[in-house]
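Taken together, the values in this text are just the output of simple stated rules run on the coordinates, not laboratory data. No experiment lies behind these values; they were computed from the predicted model shown. Ideal geometry is used to build each Cβ from the backbone, glycine not excepted, and the neighbour counts take in all protein chains shown.
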Amino acid sequence: MKSPIRPVIAQLKPSGISQVTALGLGNPDVLPLWFGETDLVTPPFIRKAAAQALEDGRTFYTNARGITPLREAISAFHKRTIGADIPIERITIPGAAMLAAVTALQMVCETGDNIVVVSPIWPNIFQAAKVVGAEPRLVRLEEDWNAGRWRLDMDKLFDACDERTKALFLASPGNPTGWMLTADEQKIILDFCRQRGIAILADEVYGTLVFDGSAHAPSFLSIADENDAVFGINSFSKPWAMTGWRVGWLVHPKSVENAAAAMAQCNNTGSTHFAQYGALAALSPEGEAFRASLLERCRAGRDVVEKWIGRQNRVRWMKPDGAFYGFLHVDGLKDSLGFCQRTVLDDHVGVSPGWAFSLGDPRDDSYLRICFAQDAARLEQALTRLEGAIRKL
Ligand SMILES: Cc1ncc(COP(=O)(O)O)c(C=O)c1O
């Protein structure tokens, strides 16, 4: 029988991460470092705010672009963290960052277009590009082991663009590398995109999780004009331990406000009403204190991983500048998916295969990703198990 769905959808495959988690999700014996989330439950004051909203009967449809107090608080957040004036007309809350990214792609791409993506990268973006009919073209960051940093080759980035390139997708700080664009690099990229009529999809979900003491990573939103084709993708998921809430936001050019409203209607008719009140509490001073404590948890986790690496002879990394991942290079590892699958079953630790983060680029098959936003003792235990698995390689 002829498949009822579009060929591009029929060809989608589960991500490399889910091919591992399928083997051990929910198994209490497995120590999970595979997902991009902390082990902390959303803090009580946020949960209480959402519960109160439910209690108050906030169970109806609401403005599909998001409740006004939350859009105002997001506007204030951008002012506070990056000094940018982003009026609420430029802010839409379609769901979480995943839906913000899909919405931006739907707005800028059509079948036959391509988007240039700096990799290794959060793999859902490949699927999202394909769903809208666009080809994801990868430009891989390069290892500079001497400097201990990932490096973006701008010439390669620009050479990857052609007349069908509709957008660059850059996540900074990045998942899984923790690499961060500098403000100077952002200016060069913005100039190039302005000249070529290419949109920038700036994924800043880890923007406030940076280790250099600054309030926020350099942001395209602070250098773009209100009508530049810059789309800021953001979320409550990571800094406020709210991955299950599905609330995030999209900052878009002023000129596309009506289109953003129409997209919000047809994609989800807005994010969950009472959950948005939880998100509003996250942007309070109490939320800021929680975010700061989560950052300290990440810093402590990063230290644990760094010390552990110091004792390994086959593992190295480029120490991350932001986000909460270790992207670990393991000498001799060639099949990261097979390794991670064995490790769940035999060693009871869940890690993600490097292969998943760049559409199968063989260079990433020597890497594993772990999330270190975890309780330090459990993290150490998980790393000890990982060490045992690596020894068997
Ligand atoms: C870079 C990046 N962007 C977006 C997301 C999605 O976040 P959300 O939970 O808000 O959909 C993730 C999740 O891992 C991510 O790592």
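For the reader, a short list of remarks on this structure follows.
- Here the extension length gained between E135 and A10 equals 43.5 nm, from 0.36 nm per residue of separation less the Cα-Cα distance.
- The stretch 193-207 and the stretch 340-392: distance between their alpha carbon centers, rounded to Å: 31 Å
- Extension gain for D56 to A261 (0.36 nm times residue separation, less C-alpha to C-alpha distance): 71.2 nm.
- Per-residue ³J(HN,Hα) for the stretch 98-105, Karplus 6.51 cos²θ - 1.76 cosθ + 1.60, θ = phi - 60°, Hz, x for Gly and Pro: 4, 6, 5, 5, 4, 4, 5, 5
- Of interest is the spacing of the C-alpha centroids, which for the stretch 276-321 and the stretch 92-131 amounts to 26 Å.
- Counting only DSSP beta bridges whose two residues both lie in the stretch 58-284, roughly 30 percent are antiparallel.
- Highest mean packing first, where packing is the average number of other Cβ atoms within 10 Å per residue, the peptides 363-370, 228-235 line up as 228-235, 363-370.
- Computed 3J(HN,Hα) for the stretch 349-363, one whole-Hz value per residue from the Karplus formula 6.51 cos²θ - 1.76 cosθ + 1.60 where θ = phi - 60°, is 9, x, 10, 9, x, x, 3, 5, 9, 7, 6, x, 4, x, 5, glycine and proline marked x.
- Taking 15 Å as the cut-off, the amide N atoms of the stretch 127-168 that come nearer than this to a point 7 Å along the Cα-to-beta-carbon line of T182 belong to 144, 147-155.
- Listed by chain and number, the lysines placed with their C-alpha closer than 20 angstrom to that of K392 are K334; residues fewer than eight positions away on the same chain are left out.
- Between D212 and A289, the C-beta separation translates, for a Förster distance of 22 Å, into a calculated FRET efficiency of about 0.65.
- Within the chain, helix-based [θ] at 222 nm, where runs of 4 or more DSSP H residues each add -39,500 (n - 2.57), nearest 500: -11500 deg cm²/dmol
- In a DSSP loop and with at most 11 other Cβ atoms within 10 Å, the chymotrypsin sites (Phe, Trp or Tyr not before Pro) in the stretch 1-84 are F60, Y61.
- Residues whose placed amide H lies under 5 Å from that of L138, excluding near-sequence neighbours: V117
- Taking A202, A376, A217 in turn, the Gaussian network model of the chain (Cα-Cα springs below 10 Å) assigns the largest fluctuation to A376.
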